[in-house]
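K.L.:
Have a look at this one before I ask anything.
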Protein chains: 2
Amino acid sequence: MGSIDTSDGDAYANSAVAPFKPLDPDEFRKQAHRMVDFIADYYKNIENYPVLSQVEPGYLRTQLSQTAPYLPEPFENILQDIQKDIIPGMTNWLSPNFFAFFPATVSSAAFLGEMLCTGFNSVGFNWLASPAATELEMVVMDWLANMLKLPKSFMFSGTGGGVLQGTTSEAILCTIIAARDRAFEKIGVENIGKLVVYASDQTHSFFVKTCKLAGIFPCNIRIIPTTADDNFSMSPDALRKQIEADVEDGLVPLFICATVGTTSTTAIDPVSELADVANDFNVWIHVDAAYAGSACICPEFRQYLDGIERVDSLSLSPHKWLLCYLDCCCLWVKKTDLLVKALATNPEYLRNKRSEFDSVVDYKDWQIGTGKRFRALRLWLVMRCYRVANLQSHIRSDVQMAKMFEGFVKSDPRFEMIVPRAFSLVCFRLNPSGGSNEADLELLNKKLLDRVNSTGRTYMTHTKAGEVYLLRFAVGATLTEDRHVYAAWELIKQCADAVLKENVLD
Amino acid sequence: MGSIDTSDGDAYANSAVAPFKPLDPDEFRKQAHRMVDFIADYYKNIENYPVLSQVEPGYLRTQLSQTAPYLPEPFENILQDIQKDIIPGMTNWLSPNFFAFFPATVSSAAFLGEMLCTGFNSVGFNWLASPAATELEMVVMDWLANMLKLPKSFMFSGTGGGVLQGTTSEAILCTIIAARDRAFEKIGVENIGKLVVYASDQTHSFFVKTCKLAGIFPCNIRIIPTTADDNFSMSPDALRKQIEADVEDGLVPLFICATVGTTSTTAIDPVSELADVANDFNVWIHVDAAYAGSACICPEFRQYLDGIERVDSLSLSPHKWLLCYLDCCCLWVKKTDLLVKALATNPEYLRNKRSEFDSVVDYKDWQIGTGKRFRALRLWLVMRCYRVANLQSHIRSDVQMAKMFEGFVKSDPRFEMIVPRAFSLVCFRLNPSGGSNEADLELLNKKLLDRVNSTGRTYMTHTKAGEVYLLRFAVGATLTEDRHVYAAWELIKQCADAVLKENVLD
């Protein structure tokens, strides 16, 4: 029946003869080597592809057959199809000309770690099912906590601990559930309608979704407004007033989500002051530092985590800015017992002496699902291969390039910065006559963005902050160098020329 | 500062010179080739490792330093450490002697797909962010639906659709939320305490956890008891009576989880009759076929999905029995609009013309998190490289080996089968004198299990069904051949001899 067929011969004719061996080590070796070359070539040529895919909706669905092929296909055919059908439909996140969203950073070390994770295919739902996966995850979570100078209360070597999750949404869902179930012990599940959660209008959209998943009533999700004057950071005073009002109304404040580096503009909520408010009312406070948290391994950025010792939980995604490939989100919690209490299962078929008598960590009780991949290998290889100094240099290099771009923007009077740059994101817009008609400016900048992105030579995105439509230039794709930032700026200027010319002609 | 260091020289001395390039294509190529060989060698030698890791808790944490290394390390050192520190702590899920839980199956094709998924690092939260990832996922979900002969109401080419998730827990959480939010439209969120969900006492433990995550009151989670006489399948009559009683009490039946192939004993809930009950009361019914669903690509097993056209959603995990590596769970739903309505977010920074005007699929609205990996590549490569006939032969070969083991059990009067074998799991126990003292038999079989697993030569697990402690022998690790099943049985018999001898001496 043949395993992966590598010949051009009649696969079907041979198929009755050989037994089907889906994991023949020799064949595995040969094909995986071929794939390494394919991916390395992709990286080598990546600048030749449009950053933002230029295909139309339905491009692939209409191209492929509606049912799986009946005959096995030569592997080389499939590689050709990937080149022909898949790559044109890729928005190439790893292109050095990708400045959209937040870049998802990568590295050889993380790739190797991921290969190994896949290779072992260990399912580490409890300690016994994979002691190495469990213990290495504990080790790397402590290592990274150390690099971030987190207090011992977040470490296994102290009184807390950490876990690797897929996404921030999952991480925050777990902490909301831990906080919620602690509250239920006092007020009973029947009072779920009294639980109130807090975030700012700049908090990532998943927060509201996650709260709803957890059964928090939509009417009890408080969105604290921010202002441009405060650089869109959450006001501790406004938060305190809202909580006081809710307590006054007989409601139960449950959970605050603070953000260090919001998705829109990398606004920074004041962790320390917000923690004071939270602590005063015994409310669980979580810090979402998905993007900017990684920068806090550099002393010059660590200040943004000041006060973290008074926070209940912290999440940070090394797949964003710590070279780790998707998906890898770190969650640290102080009261790990609350997490485990809320998320533990204990079916007979998973019971074992280690879990019962050795008080080992069973990671299934720290996450939503049961199954768990050996994600720690990625982070471990990154930390071992690159060490702290290289990782700091990588952060600083991105920030330096963003500073350079900021300089370009400031040097051209047709453009303006919208919020101060804090990390490696520059928020700016075209505003040639210093106008203040937001609708006109939005239209103008939309035109500019469309024109830039439709070239395929650069990809950036937009957002709105306080009703201002702005362009986001996020530096940090792993292969980006000064020359790419420079070229992007030249392109933006050219497109601005064209757009302004069109506007005059209108 | 050096990238991955490959020399034995003074890495630190060189570190100030070269810029840090975490993704140099040439270095990537070299190191990834090295890792391919490492993994292929691991597969080649896997029989030499104990299946169940023999380490003690804390083995690794005490071995590794408490903080990340200051100096970058030669890659070869790290590979040596993986061999020395990590592999001994692995419970080797891919060993051909792994018969525990349900095996997690793999293949060269899926490995290649996963390499590519990692390599591209595409973040397909919406169509525009990765058209290829979105459309290929739609294509493979339809392909697999076709292989399973699902009705068009579950396909994009019909009126439904599918999505790849990480785990069944996530998939079921999404469907419960869709059902819950539909109910809220009628009864209001303030009546969350009236919503009732149903499963059997054999349903996976994540079900209760998932319902609690969604805010379902624990007192409203109905567990329908099963019996050995019914082979532990859920009784439609018992379900109907429970629902009627709940309606009578003014409660709102919300969601039924039926299982095709339970985790304990691969019991099969009668989908068609349960769907009738669900449809009569307009309750959302989900079929969890995580393990056994894959078998339904074979005509002789497809009957277990009869009635699926009257079901609301179905999940199945190709990482279990369809050679796909972790993590890969397929979820199909009929009313995709309900899913999207419950899970959609629409932040400004993700808005784009495609999502607004082209009614494309944005997969972030089909799942818990925002970020999404290009998982479809794995399933696509498996289906293209192996085609239907090979995949069917893989399922049948596992079932055949399980039948062989069943024959061994039945041929030895000291052993007994506990439930009839339906797929590739054999549930049996040692009961040399046909006794019925459950406590004694549990002790005896625990001793046998411990003895077998402590050899490291075979790994199997246990469960309880109807208070009966039983041993689970799950055939299906990808590298398992007849000879491994035979050797495992010989080992079990030897261990039984020893345990029975000890018992006599006691």
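No lab work stands behind these numbers, since they all come straight from the coordinates. Model, not experiment: these values are computed from the prediction. All Cβ positions, glycine included, derive from the backbone under ideal geometry; neighbour counts span all protein chains shown.
K.L.:
Note down the net charge around A:ASP201, summing +1 for each Lys or Arg and -1 for each Asp or Glu among other residues with Cβ under 13 Å from its Cβ.
P.N.:
Details: positive: A:ARG222, A:LYS464; negative: A:ASP230, A:ASP269, A:GLU467, B:GLU348.
After counting each charged neighbour, the total is -2.
K.L.:
Could you list, bin by bin from short to long, the percent of Cα-Cα pairs of the stretch A:111-176 in 10 Å steps?
P.N.:
Pairs per bin, as whole percents: 18, 43, 35, 3.
K.L.:
Here's another thing I want to ask about it. Using alpha carbons only, what's the Rg to Rh ratio of the protein assembly as shown with Rh from Kirkwood? Mind dumping the intermediate values first?
P.N.:
Values: Rg = 28.0 Å, Rh = 29.3 Å.
Radius of gyration over Kirkwood radius for the protein assembly as shown works out to 0.96.
K.L.:
Here is a further query. Quick check on packing: order B:336-342, A:317-323 by the mean number of other C-beta atoms within 10 Å, highest mean leading.
P.N.:
Going from most to least packed, we get A:317-323, B:336-342.
K.L.:
Further question on the same structure: Working only with C-alpha atoms, what are the Rg and Dmax values of chain A, expressed in angstrom?
P.N.:
25.2, 79
K.L.:
Taking every DSSP beta bridge with both residues inside chain A, roughly what % is antiparallel (nearest 5)? Present the calculation step by step, with values, prior to reporting the outcome.
P.N.:
On the way: 22 of 40 bridges.
Around 55 percent of the beta bridges assigned by DSSP in chain A are antiparallel ones.
K.L.:
Taking only C-alpha pairs under 8 Å that are 6+ residues apart, what is the relative contact order of chain B in percent? Mind dumping the intermediate values first?
P.N.:
Working: 899 pairs, mean separation 103.9, N = 506.
Relative contact order here is 21 percent.
K.L.:
If the cut-off is 16 Å between C-alpha atoms, which lysines fall inside it for B:LYS493, apart from same-chain ones fewer than 8 positions away?
P.N.:
Answer for B:LYS493, where 16 Å is the Cα cut-off: B:LYS410, B:LYS446, B:LYS447, B:LYS501, listed by chain and number.
K.L.:
Less than 12 Å apart at the alpha-carbon level, and either on another chain or at least 8 residues along: which aspartates and glutamates does that give for B:LYS403?
P.N.:
B:ASP482
K.L.:
Using θ = phi - 60° and the Karplus relation 6.51 cos²θ - 1.76 cosθ + 1.60, list the HN-Hα couplings for the stretch A:326-342 in order, rounded to whole Hz, with x at every Gly or Pro.
P.N.:
6, 10, 7, 10, 8, 10, 10, 10, 7, 9, 5, 5, 5, 4, 5, 4, 6
K.L.:
Further question: Quick check for me: using +1 on Lys/Arg Cβ and -1 on Asp/Glu Cβ, what's the dipole size of chain A about its Cα centre, in debye to the nearest 20?
P.N.:
With only Lys, Arg, Asp and Glu charged at Cβ, the dipole is about 640 debye.
K.L.:
On average, how many beta carbons from a partner chain sit within 10 Å of the beta carbon of a residue in B:24-30?
P.N.:
6
K.L.:
Please work out the Cα center distance from the stretch B:184-208 to the stretch B:16-51, rounded to the nearest Å.
P.N.:
47
K.L.:
Between B:THR159 and B:SER272, what length in nm is gained on full extension when 0.36 nm per residue of separation is reduced by their alpha carbon distance?
P.N.:
Numbers: separation 113, 0.36 × 113 = 40.68 nm, distance 2.08 nm.
Extra length available between B:THR159 and B:SER272 comes to 38.6 nm.
K.L.:
For Cα pairs less than 8 Å apart in space and 6+ apart in sequence, what is the mean separation divided by the residue count of the stretch B:110-383, i.e. the relative contact order in percent?
P.N.:
RCO, the stretch B:110-383: 30 percent.
K.L.:
Follow-up question, since we're still on this one. Compute log10 of I(q)/I(0) for the stretch B:110-383 with the Debye formula, placing one identical point scatterer on every Cα and leaving out solvent, at q = 0.15 Å⁻¹, to two decimals.
P.N.:
Debye intensities relative to I(0), on a log10 scale: -1.10.
K.L.:
Run the dipole for the stretch B:110-383 about the Cα centre, Lys and Arg Cβ at +1, Asp and Glu Cβ at -1, nothing else charged, and hand back the magnitude in debye, nearest 20.
P.N.:
Details: 25 positive and 32 negative charges, 161 e Å.
Result for the stretch B:110-383 is approximately 780 debye, rounded to the nearest 20.
K.L.:
Let me ask something additional. For the stretch A:51-198, what size does the Cα cloud have along each of its three principal axes, sorted from largest down, in whole Å?
P.N.:
Largest first, the stretch A:51-198 extends 60, 40, 38 Å along its Cα principal axes.
K.L.:
So, one more: At a Förster distance of 35 Å, what's the computed FRET efficiency of A:ASP81 paired with A:LEU491, Cβ-Cβ distance as r, to 0.05?
P.N.:
0.65
K.L.:
Return the distance in nm (one decimal) between the two label points of a simple spin-label model at B:LYS403 and A:GLN303, each offset 7 Å from Cα along Cα→Cβ.
P.N.:
Inter-label distance under the simple model: 7.3 nm.
K.L.:
Along Cα→Cβ at 7 Å, what distances in nm separate the A:LYS353 label point from those on the other copies, shortest first?
P.N.:
Label-point distances to the other copies, shortest first: 6.7 nm.
K.L.:
In addition: Normalised by the empirical 2.2 N^0.38 Å for globular proteins, what value does the Cα Rg of the stretch A:323-378 take?
P.N.:
Normalised Cα radius of gyration, the stretch A:323-378: 1.27.
K.L.:
If N is the number of residues in the stretch A:271-360, what value comes out of its Cα radius of gyration divided by 2.2 N^0.38 Å?
P.N.:
Against the compact-globule rule of thumb, the ratio is 1.38.
K.L.:
Which of the peptides A:371-382, A:43-54 is most tightly packed, and how do the rest follow, judged by the mean count of other Cβ atoms within 10 Å per residue?
P.N.:
Peptide ranking by packing, descending: A:371-382, A:43-54.
K.L.:
Considering only DSSP beta bridges with both partners in the protein assembly as shown, what is the antiparallel share in %, to the nearest 5?
P.N.:
Of the beta bridges lying entirely in the protein assembly as shown, close to 55 percent run antiparallel.
K.L.:
Please compute the average number of Cβ atoms from other chains found within 10 Å of each residue's Cβ in peptide B:289-300.
P.N.:
Averaged over the peptide's residues, the number is 0.
K.L.:
Still on this structure, please answer the following. Could you state, as a whole-number percent, how many of the C-alpha pairs of the stretch A:164-265 are farther apart than 21 Å?
P.N.:
Every Cα pair in the stretch A:164-265 considered, those over 21 Å come to 34 percent.
K.L.:
Then there's this: Percent antiparallel among DSSP beta bridges with both residues in the stretch B:110-383, to the nearest 5?
P.N.:
Values: 10 of 26 bridges.
Given both bridge residues lie in the stretch B:110-383, the antiparallel proportion sits at roughly 40 percent.
K.L.:
Can you give the local net charge around A:LYS464? Use residues other than it whose beta-carbon is closer than 10 angstrom to its beta-carbon, Lys and Arg +1, Asp and Glu -1. Walk me through the numbers before you get to the answer.
P.N.:
Values: positive: B:ARG351; negative: A:GLU438, A:GLU442, A:GLU467, B:GLU348.
Charge balance in the 10 Å sphere: -3.
K.L.:
Still on this structure, please answer the following. Could you put B:ARG472, A:ARG429 in order, starting from the residue whose Cβ has the fewest other Cβ atoms within 10 Å?
P.N.:
Placing the least packed residue first, the sequence is A:ARG429, B:ARG472.
K.L.:
Between B:LYS410 and B:ASP41, take the C-beta separation as r, use R0 = 22 Å, and let me know the FRET efficiency to the nearest 0.05.
P.N.:
Once rounded, the FRET efficiency stands at 0.05.
K.L.:
Separate question: Provide the gained length on full extension for the span B:ASN437 to B:GLU185, in nm with one decimal, where the gain is 0.36 nm per separating residue minus the Cα-Cα distance.
P.N.:
Extra length available between B:ASN437 and B:GLU185 comes to 85.4 nm.
K.L.:
OK, next. What number, rounded to the nearest 500 deg cm²/dmol, is the helix-based mean residue ellipticity at 222 nm of the protein assembly as shown, given -39500 (n - 2.57) per DSSP H run of at least four residues and division by all its residues?
P.N.:
-13500 deg cm²/dmol
K.L.:
For q = 0.11, 0.18, 0.21, 0.27 Å⁻¹, what log10 I(q)/I(0) does the stretch A:440-506 give under the Debye formula with an equal point scatterer on each alpha carbon and no solvent?
P.N.:
The Debye formula, applied to the Cα set alone, gives -0.28, -0.71, -0.91, -1.25.
K.L.:
Also, quick follow-up: Students often get this wrong, so check it: of B:LYS194/B:LYS241; B:LYS334/B:LYS364; A:LYS320/A:LYS464; A:LYS21/B:LYS44, which have C-alpha atoms separated by over 20 Å?
P.N.:
Correct reply: A:LYS320/A:LYS464.
K.L.:
Ok, one more. Please compute the net charge surrounding A:GLU137, taking Lys and Arg as +1 and Asp and Glu as -1 over other residues with Cβ under 9 Å from its Cβ.
P.N.:
+1
K.L.:
If you don't mind, another one. What order, most packed first, do the peptides B:58-71, A:20-33 have when packing is the mean number of other Cβ atoms within 10 Å of each residue?
P.N.:
Final packing ranking: A:20-33, B:58-71.
K.L.:
Efficiency by 1/(1 + (r/R0)^6): what FRET value for A:SER454 and B:ARG351, r their Cβ-Cβ distance, R0 = 22 Å, to the nearest 0.05?
P.N.:
0.85
K.L.:
Report, as an integer, the average count of C-beta atoms from other chains found within 10 Å of each Cβ along B:189-202.
P.N.:
Counting Cβ atoms of other protein chains within 10 Å of each residue's Cβ and averaging gives 2.
K.L.:
Any chance you could check the Cα centroid distance between the stretch A:63-104 and the stretch A:467-482 for me, in angstrom?
P.N.:
So the two Cα centres are separated by 25 Å.
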